[in-house]
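See below for the structure under consideration.
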Amino acid sequence: MGVWDLVLVGLVLVLGLVGVLVPGVPGSWLVWAAVLWWALKDPRPLAWGVLVGATVVLFLSQVVRWCLPPRRLRASGATPRMAVYAGTGAFLGFFLVPVLGAVPGFLGGVYLYERRRLGSHAKARAALRTVMREGGSSVLAELFTCLLITGAWLGAVLWG
């Protein structure tokens, strides 16, 4: 697979990660489609293993998301700017503390946004709890899954 093909797959993966945070964009499907495209263009056992793993992880993520409360983020006061803070925190956390850092990064991003908006620690904590109860946990589960798949793809491309 050529460098430009890998760049395009990477761009679709990034678009999918952003799509998780934007309502109406099928982020997890874009991530899976990018991995499928890569596996079809680069038919090595490692590529197919990443595709199978991505499929299983996305399926499990969907099951977990069905068990969580439905998304009602607009009612909780979530804004697109909050999604940027949360997504940036999850992305940075994912790479600073490999894989597991995405969860505290996401929560930290939401907290930082609310702290700046509301001005006090107690109000920011209460707002964070409200956001997570109103569907933030569902967004976090989907984003974490897509970051995990993207990390697996990146690892397979760089070290495979």
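Of all the criteria given as (1) under 18 Å from the mean Cα position of the chain (by Cα); (2) more than 19 Å from L147 (Cβ to Cβ); (3) surrounded by fewer than 13 Cβ atoms within 10 Å (Cβ to Cβ); (4) hydrophobic (A, V, I, L, M, F, W, C), the one not satisfied by A78 is (3). From the list L46, L58, the one residue that fits, being touching a Phe, Trp or Tyr at 6+ places or on another chain (Cβ under 7 Å) and farther than 22 Å from E134 by Cβ, is L58. Here L140 fits the description: farther than 18 Å from A54 by Cβ and part of a helix (DSSP H, G or I).
Selection over the stretch 84-135 of residues that are under 25 Å from C67 (Cα atoms) and either polar (S, T, N, Q) or touching a strand residue (DSSP E or B) at 6+ places or on another chain (Cβ under 7 Å) (or both) gives a count of 1.
G151 meets each of the listed conditions (1) surrounded by fewer than 17 Cβ atoms within 10 Å (Cβ to Cβ); (2) farther than 13 Å from F94 by Cα; (3) of a type outside the set (A, V, I, L, M) apart from (2).
Only one residue in L36, L8, L17 is under 30 Å from T79 (Cα atoms) and modelled with pLDDT of 95 or more. Which one?
Working: L36 fails: under 30 Å from T79 (Cα atoms); L17 fails: modelled with pLDDT of 95 or more.
Just a single option satisfies the conditions, and that option is L8.
With respect to (1) surrounded by 15 or more Cβ atoms within 10 Å (Cβ to Cβ); (2) over 25 Å from W37 (Cα atoms), the lone exception for F91 is condition (2). When the stretch 86-111 is filtered for residues that are touching a helix residue (DSSP H, G or I) at 6+ places or on another chain (Cβ under 6 Å) and of a type in the set (A, V, I, L, M, F, W, C), the ones remaining, listed by number, are A86, A90, L92, F94, A102, F106, V110.
The values are calculated or read from the model by the stated rules, or taken from the named source; none is laboratory data. Owing to the predicted nature of the structure, the values given are computational and were not obtained by experimental measurement. Methodologically, a virtual Cβ is constructed for each residue, glycine included, from the backbone with ideal geometry; neighbour enumeration extends over all protein chains shown.
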